[in-house]
Amino acid sequence: QVQLVESGGGLVQPGGSLRLSCAASGSIFSISAASWYRQAPGKERELVAAMFSSGSTNYAASVKGRFTILRDGAKNTMYLQMNSLKPEDTAVYYCSADIRVTAWSQTRNYWGQGTQVTVSS
């Protein structure tokens, strides 16, 4: 059973930094893509950052230059380094990953449970 568990959320002042982690556990053969999404109250879930198997990355315009998606393949862990945080970054952050559990299985998309990030003075 594959699970994604996020951690690292919390309350931070504007201009501060946080580093979110997303640890994948269980039977994992490979992770082809990893993404971070967020959902603010009353808004739809939006893509924040994505990293593909090639190593290329993609960021939402609102976070480009401030957020960085990272990945430690040996630990099956993804990170979202968030700098220069703004009140509008307040949301529940979710990680998502495309995972194959064996060499011959199809890739399946998994989600974490989310972690709250609040940016406020």
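General remarks:
- Between the amide H of residue 67 and those of 83, distances stay under 5 Å, these residues lying 5 or more places away or on another chain, with hydrogens modeled in the peptide plane.
- Net charge of neighbours whose Cβ lies under 13 Å from the Cβ of residue 112, counting Lys and Arg as +1 and Asp and Glu as -1: +1
- Ordered from highest to lowest accessible area with the whole protein assembly present and a 1.4 Å probe, 111, 104, 36 read as 104, 111, 36.
- Sorted largest first by accessible area at a 1.4 angstrom probe radius, with every protein chain in place, the residues 92, 119, 5 fall in the order 5, 92, 119.
- For residue 114, distant residues with modelled amide H under 5 Å away: 6, 95
- A simple charge model with +1 on the Cβ of Lys and Arg, -1 on the Cβ of Asp and Glu and nothing else charged puts the dipole of the chain at about 120 debye relative to its Cα centre.
- Of all accessible heavy-atom area on the chain, the percent that carbon and sulfur account for (1.4 Å): 48 percent
- Solvent-accessible surface of region 10-121, taken per residue with a 1.4 Å probe and all protein chains present: 53 Å².
- Each residue was assigned an accessible area with a 1.4 Å probe, and for residue 78 the value is about 0 Å².
- Cross-link reach list, lysines versus residue 43, counting only Cα pairs under 27 Å and skipping chain neighbours closer than eight places: 64, 86
The values are calculated or read from the model by the stated rules, or taken from the named source; none is laboratory data. Quantities reported herein were computed from a predicted structural model and do not represent experimental measurements. Every residue, glycine as well, gets a Cβ built from its backbone with ideal geometry; the counts of neighbours run over all protein chains shown. Protein only, heavy atoms only, side chains kept; ligands, DNA and RNA dropped before computing areas. Shrake-Rupley method; radii C 1.70, N 1.55, O 1.52, S 1.80 Å.
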